[in-house]
Amino acid sequence: LAKTTQPISMDSYEGQEVNITCSHNNIATNDYITWYQQFPSQGPRFIIQGYKTKVTNEVASLFIPADRKSSTLSLPRVSLSDTAVYYCLVGAGGYNDYKLSFGAGTTVTVRA
Amino acid sequence: SAVISQKPSRDICQRGTSLTIQCQVDSQVTMMFWYRQQPGQSLTLIATANQGSEATYESGFVIDKFPISRPNLTFSTLTVSNMSPEDSSIYLCSVDSSGTRDTQYFGPGTRLTVL
């Protein structure tokens with residue numbers, strides 16, 4: 001499994017855009033990049049997944065450069081309810097390997 | 001998406017006792033997983049549970065301490081045996097999102113405190 005590195009914490013204010021960059025220098029050709037969000041006292045929740053370039057859904061955008069050695073999760077116009085821990089995961093690739101390896105995650109705190 | 005429930009949501013137990021945590025899914029799933037999340041820490045995979053076969057444990061976790069049952073495609077239990085204060089954690093179950101790589105749905109977790 002590719003090792004990931006992301007900032008331990010980030011602070012922001014309501015209405016701002018939050019960008020969390022994750023480094024994964026050893027990403028394999030078949031690996032996808034997946035982000036999860038975890039609120040206090042809840043299990044992690046899938047946010048977004050991508051392989052290359054840019055992916056956008058109703059919650060976030062994921063930017064992946066051509067070399068795929070890093071990725072950036074972008075949360076537009078955050079609110080207080082976006083305060084959570086965000087985990088970047090890089091999979092082993094293939095539908096037969098379901099193991100998820102969670103790193104330390106990034107604690108995002110949104111202030112009023 | 002799958003809806004997952006866990007029982008109990010929290011418990012306080014005495015050392016030396018055992019607690020069985022239940023995980024129920026609203027649809028049939030092939031693989032179920034059990035994680036541990038110690039206070040302020042990330043998630044650590046304990047084991048993978050497939051229906052009809054013995055669970056596969058990760059390094060550092062053994063069946064005697066964390067026996068797992070998987071009697072059907074919608075249910076699993078994790079028992080924390082002979083508990084000590086070091087077992088105080090949140091225990092989460094998850095299921096794979098069939099057909100989508102590296103995506104799992106998680107239950108709300110069981111917060112265990114061992115005195």
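Below, the figures for the structure above:
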| item | result |
| --- | --- |
| Relative contact order computed over chain A (Cα-Cα under 8 Å; 6+ residues apart), in percent | 37 percent |
| Overall form of chain A per C-alpha gyration tensor (a/c, 1.5; a/b vs b/c) | prolate |
| 10 Å Cβ neighbours from other chains, averaged over peptide B:37-45 | 4 |
| Accessible area in square angstrom per residue, chain A, 1.4 angstrom probe | 51 Å² |
| Carbon/sulfur fraction of accessible area - the stretch B:12-63, other protein chains in place, 1.4 Å, % | 44 percent |
| Lone cysteines, chain B (no partner Cβ under 4.7 Å) | B:13 |
| Interface burial for B against A (accessible surface, 1.4 Å probe, total of both chains, Å², rounded to 100) | 1900 Å² |
| Shielding by partners, peptide A:36-45 (average Cβ within 10 angstrom, other chains) | 5 |
| Test item: A:83-89 mean partner chain Cβ contacts at 10 Å | 1 |
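The values are calculated or read from the model by the stated rules, or taken from the named source; none is laboratory data. Keep in mind that what you see is a predicted model, and the values were worked out from it rather than measured. Heads up, the Cβs are rebuilt from the backbone with ideal geometry, glycines too, and the neighbour counts pull from every protein chain shown. Heavy atoms of the whole protein, side chains included, go into the accessibility calculation; ligands, DNA and RNA do not. Shrake-Rupley method; radii C 1.70, N 1.55, O 1.52, S 1.80 Å.
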